[in-house]
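K.L.:
Starting off with a structure, shown below.
The values are calculated or read from the model by the stated rules, or taken from the named source; none is laboratory data. Not measured: the values here are computed from a predicted model. Note that each Cβ is placed from the backbone with ideal geometry, even for glycine, and that neighbours are counted across all protein chains shown.
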Amino acid sequence: MKTFKQTMLVVLGLLFFALQGCSHEDYIPVPGAPGADGTNGTNGINGTTECATCHSKAHTDPIKASYALSVHGKETLHLDSASGLTLTTSEYTNRTGCVQCHVSQGYIDKMDGKPLAIGIGVPSNPAYPVGALGAISSHVTAINCTTCHEKHSSFNFVADGNDFALRQGFKPVVLDQDPSYSIDMGTSNTCVNCHQPRVLPPTSGDIKLSSRFGPHHGPQATLLEGIQGALIVGTTPYPAPKSAKHRSGASCVTCHMGKGTDATNGAHTWHPTPNACTTCHAGGAPAAVTGFAADMATLQSLLVAKGAWSTATSSFTSNTVPIKVAQAAWNYALLMEDRSNGVHNPTYAKALLKNSIEALK
């Protein structure tokens, strides 16, 4: 009986607690009184501060002023015989075969691996759209900042590099006329893209000349590299490619974009700055490569005598000439169009000249 009573007390106790749990809601805490304000943190940087690094007049005005003095910025004017219009370089060359270097969107398409637009020139059928002819600020063909530089392609600067990075980057340039050969000059690779011959020198047979005979207007990179001249056999040895001091110890950017002596050289004028020369030439850079001008004059006279050059038109004739004459003519055009008076690669330039002269005597 006693055990029964004890058991009933336990059951009733458990029932009591169970009923308590069913008849009351759980306790819900309420917010306490507000605490005291903490100390203010340090103000962050304004959101536009990073933009002002590039997008400020203090940054862009000197670059624009410098670029305006460059050949790229000025744009040579040409008289188009077909239309009678005076056209800028980018208008005049807005045609197949020229746009990859002379027209902004053409260069960008080449960098992006896209097919180049087809056209036969302004105004009849331009490869790329233009605005008012002769008004360089109103159309998209002219070479400009964003031709060579990216613009806000990404805001992830840590992963993708800074804005306004070079489109070419640091990738070596595979030569247009010799895909087996590539040139790597770091940031100067942007220059190499267009400053290379568009045809190779002749190697055999009689050659018909024309006023356009030669490597075209931009053989600087390959001359600096020491390649793509016509290697006429002669008594003057040719130096090995890449052996020029200006190739191994300098670059396009070093000499043409270094800190200028004033606003007319260096930076985006691309006019060589004397400051770059004194790094190696303590007494100042030589005025010219010794004997270069005299050798060029001698070679021109020999080409005139061989019927390859016309002093009346200051261009090549339309005659057909033997291969040695054509190769000597090529070397003359190469060194003339390089426009460095042999400075880019003095030893290679001298060898081309001496052996060309020797072949024509």
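K.L.:
Does the range 58-68 contain any residue that is part of a loop (DSSP other than H, G, I, E, B) and at pLDDT 75 or above? Outline the logic, then answer.
P.N.:
The first filter runs over the range 58-68 and keeps only residues part of a loop (DSSP other than H, G, I, E, B), leaving none.
No: the range 58-68 contains no residue that is part of a loop (DSSP other than H, G, I, E, B) and at pLDDT 75 or above.
K.L.:
Ok, one more. Please work out which residue is surrounded by the fewest Cβ atoms within 10 Å (Cβ to Cβ), limiting yourself to the range 337-352 and to residues that are under 18 Å from Gln327 (Cα atoms), over 23 Å from the mean Cα position of the chain (by Cα) and of a type outside the set (Ser, Thr, Tyr).
P.N.:
Checked the range 337-352; the qualifying residue surrounded by the fewest Cβ atoms within 10 Å (Cβ to Cβ) is Lys350.
K.L.:
Identify all residues within the range 92-125 that are surrounded by fewer than 16 Cβ atoms within 10 Å (Cβ to Cβ) and in contact with a strand residue (DSSP E or B) (Cβ under 6 Å, 6 or more places away or on another chain); write none if there are none.
P.N.:
Ile120
K.L.:
Could you please find all residues in the range 49-70 being hydrophobic (A, V, I, L, M, F, W, C) and surrounded by 13 or more Cβ atoms within 10 Å (Cβ to Cβ)? Break it down into steps so the answer makes sense when it comes.
P.N.:
The first filter runs over the range 49-70 and keeps only residues hydrophobic (A, V, I, L, M, F, W, C), leaving 51-52, 54, 58, 63, 65, 68-69.
Within the range 49-70, Cys54, Ile63, Ala65, Leu69 meet the criteria.
K.L.:
Residues of the range 185-231 being more than 24 Å from Lys350 (Cα to Cα) and free of Cβ contacts under 8 Å to residues at least 60 places away in the same chain, which ones?
P.N.:
Asn189, Thr190
K.L.:
Answer with yes or no whether Asn275 is outside the structural domain of Gly73 (by the TED database), free of Cβ contacts under 8 Å to residues at least 24 places away in the same chain, of a type outside the set (A, V, I, L, M, F, W, C) and surrounded by 14 or more Cβ atoms within 10 Å (Cβ to Cβ).
P.N.:
yes
K.L.:
Mind checking whether some residue in the range 198-210 is within 27 Å of Thr146 (Cα to Cα) and either in a helix (DSSP H, G or I) or in contact with a helix residue (DSSP H, G or I) (Cβ under 6 Å, 6 or more places away or on another chain) (or both)?
P.N.:
Of all residues in the range 198-210, those within 27 Å of Thr146 (Cα to Cα) come to 198.
When the remaining residues are screened for being either in a helix (DSSP H, G or I) or in contact with a helix residue (DSSP H, G or I) (Cβ under 6 Å, 6 or more places away or on another chain) (or both), the result is none.
Among the residues of the range 198-210, not one is within 27 Å of Thr146 (Cα to Cα) and either in a helix (DSSP H, G or I) or in contact with a helix residue (DSSP H, G or I) (Cβ under 6 Å, 6 or more places away or on another chain) (or both), which makes the answer no.
K.L.:
Being under 30 Å from Asp61 (Cα atoms) and touching a Leu at 6+ places or on another chain (Cβ under 8 Å) narrows it down to one residue among Thr254, Thr261, Thr269; which is it?
P.N.:
Values: Thr254 fails: touching a Leu at 6+ places or on another chain (Cβ under 8 Å); Thr261 fails: touching a Leu at 6+ places or on another chain (Cβ under 8 Å).
Checking each option against the conditions leaves just Thr269.
K.L.:
For the range 192-200, indicate whether the set of residues that are in the same structural domain as Ala308 (by the TED database), at pLDDT 95 or above and farther than 28 Å from Ser104 by Cβ is non-empty.
P.N.:
no
K.L.:
So which residues in the range 75-91 are within 15 Å of Asn144 (Cβ to Cβ), outside any strand (DSSP E or B) and in contact with a strand residue (DSSP E or B) (Cβ under 9 Å, 6 or more places away or on another chain), if there are any at all?
P.N.:
Of the range 75-91, the ones within 15 Å of Asn144 (Cβ to Cβ) are 75, 88-91.
Checking which are outside any strand (DSSP E or B) leaves us with 75, 89-91.
Scanning the range 75-91 gives Glu75, Thr89, Glu91.
K.L.:
Shifting gears a bit: If the Cβ limit is 9 Å and pairs must be 6+ apart or interchain, which residue in the range 247-269 that is at positive phi pairs with which residue that is among the hydroxyl-bearing types (Ser, Thr, Tyr) and part of a loop (DSSP other than H, G, I, E, B)?
P.N.:
Listed pairs, sorted by first residue: Gly266/Thr273; Ala267/Thr273.
K.L.:
Let me ask something additional. If Asn355 meets every condition in (1) out of contact with any Gly (no Cβ under 7 Å at 6 or more places or on another chain); (2) among the polar types (S, T, N, Q); (3) in contact (Cβ under 8 Å) with a residue 40 or more places away in the chain apart from one, which number is that one?
P.N.:
That leaves (1) as the condition not met.
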